[in-house]
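Taking it in order: structure first as structure tokens, then the write-up.
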Amino acid sequence: MTQRAYRAACPNCGAPVEFASAASASAVCSYCKSTLVRDGEALTRIGVVGELFDDHSPLRLGAAGQLQGQPFALVGRLQYGYADGTWNEWHALFDNGRSGWLSEDNGAYVFAFDTTLAQAPALDTLRAGQRVAVGGQAWDVASVVVAKLLSAEGELPAPPKLAGGFGVVDLRNPLGEVGTLDFSRTPPTWSIGRSVALSELALTGLADTSEKTLKGRGVECPSCGSALDVKLSTTQSLACPQCRAVVDLSGGVGAELRHYAQNNSGPGGLEPQIALGKTGTLALGGTPLPWQAVGFMERCTADGDDETFYWREYLLWNRSAGFAFLVDSEDGWSWVRPITGAPAQKGDGARWQGADYRRKESYGARVTWVQGEFYWRVQRDERALVADYVGVGLAVKKRLSREQTGNEVTWSAGETLAASQVAQAFGLAAPAALARDSGPVAAAKGVRTLIVLFVLLFLVVVLFSRCGGDNCDEVRATFGPASAEYQQCQRNRSSGSGSGRSGGSFGGWSSGGGGHK
């Protein structure tokens, strides 16, 4: 890095405050947390920021790396809060004097740069899901949230907004870019970025966050008092392994821990087939990597149909690659990861990264059961509008999913997986529920017909046909009398209904923030 260009004493406490760039306009005193603004050769104190929420981010001040061969160092951080949690934006200062932002994005990262904008759309005209023109380019609005500054540290290119909430709007486009409108200033600031993996940045000086525990942070389950063990630095919600309560950790240490009880299936029901904590090696669109199963979620259709269909999603984590979802649905296994951009859409078709897709179905989805850890704040009975897309032509194994929750839209992309790949990766004995593959949609009914013919695959019928038959005793024994499966089976037997639509999902859960959250 270049030599530091400016140093002065904090006007509040006298501690030294250093600037790595002569162009930086603001800094936060590391000792007294005063927010300081440069006024010529002097520093002026304009307020005090709060303490940082200890989120155990692997990033920290002083970490250095390279982006496309250009060296940079992290010299400042802004920490924001919104209704569903917190996120960080790290000020990256390059050797050539350019400033950028390394921000969190749905469990991954985005590197963005501020740019000029002749005219920004009004905040009150923007809604998630709409298409707008910004800077002469078409964008899809991904999220609209009200945020507030929680804390700041280090050197900043401009004074932060210290009080009150402000709008933050994230937009996506088919080029894989994310644009952010920050309404904390007038006119709003505009930045454009792309997804990056921390491993691509060759970062040095990172914090060691391979494992953190709530026991070390002095927190217990607010429902039963059991000590909770957190493995991930980004965890926002955690299901207690003792009482099954879902605990909201997004408020930080010292905050009142909100929680809700869940009793979906009774004792012994709905256990994941892949044990949480187990690691399997999978090539999810790239080099084979070890992926650890850290969260498990059951979801069901919630669109008013007579029958309810269920599917399961495993949240996978890799230290360098971030998060992915492994989806176990009626049509088979698949994986998806949230994408930074937004596919180009036309009618029932979509195009993403050179592949064409067609919409398979749209439906409402509802969370019914969770276990493990999640990087977003899981909410009771969370609902989303889902549209699933399947690849066409040579892209027949590819999958896309669009989810909208409130004022947020999240796209995810991935591919189908053979059940044998899942079993081999995680060292499973290939139980009946694993012994099916996801194929082209046109062949889905044929696949299910063949499955039914195998006597050893009776559990598939129980798990995924959702009690289309008349015998509910096996369902009761498998899931318990309080389970959603057993109750649905009883209703189907009373009404005489059978299995209709295919149900299921290609996954890609909404994080509670479509942008740098």
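The values are calculated or read from the model by the stated rules, or taken from the named source; none is laboratory data. Note that the structure is predicted; figures quoted are calculated from it, not measured. Using ideal geometry, Cβ is built from the backbone for each residue, glycine included, and neighbour counts are taken over all protein chains shown.
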Filtered residues of the range 197-216 (kept if assigned to a helix (DSSP H, G or I) and either at pLDDT 75 or above or within 11 Å of R319 (Cβ to Cβ) (or both)): L198, S199, E200, L201
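Answer yes or no as to whether L457 is buried (at least 16 other Cβ atoms within 10 Å of the Cβ), more than 24 Å from the chain's Cα centre (by Cα) and either modelled with pLDDT of 90 or more or outside any loop (DSSP other than H, G, I, E, B) (or both).
Working: buried (at least 16 other Cβ atoms within 10 Å of the Cβ): yes; more than 24 Å from the chain's Cα centre (by Cα): yes; either modelled with pLDDT of 90 or more or outside any loop (DSSP other than H, G, I, E, B) (or both): yes.
Against the criterion (buried (at least 16 other Cβ atoms within 10 Å of the Cβ), more than 24 Å from the chain's Cα centre (by Cα) and either modelled with pLDDT of 90 or more or outside any loop (DSSP other than H, G, I, E, B) (or both)), L457 qualifies.
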For the range 108-139, enumerate the residues that are free of Cβ contacts under 8 Å to residues at least 60 places away in the same chain, charged (D, E, K, R) and in contact with a strand residue (DSSP E or B) (Cβ under 8 Å, 6 or more places away or on another chain). R131
Let me confirm something: among S420, S401, S412, which residue is in a helix (DSSP H, G or I) and either buried (at least 21 other Cβ atoms within 10 Å of the Cβ) or not basic (K, R) (or both)? S420
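Condition check: outside any strand (DSSP E or B) and of a type in the set (G, A, S). Does A342 satisfy that?
yes
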Meets criteria (hydrophobic (A, V, I, L, M, F, W, C), more than 27 Å from R98 (Cα to Cα), assigned to a loop (DSSP other than H, G, I, E, B) and modelled with pLDDT of 90 or more) for A118: no
Looking at D356, D331, which one is among the acidic types (D, E), in contact with a helix residue (DSSP H, G or I) (Cβ under 6 Å, 6 or more places away or on another chain) and within 14 Å of R399 (Cα to Cα)? D331
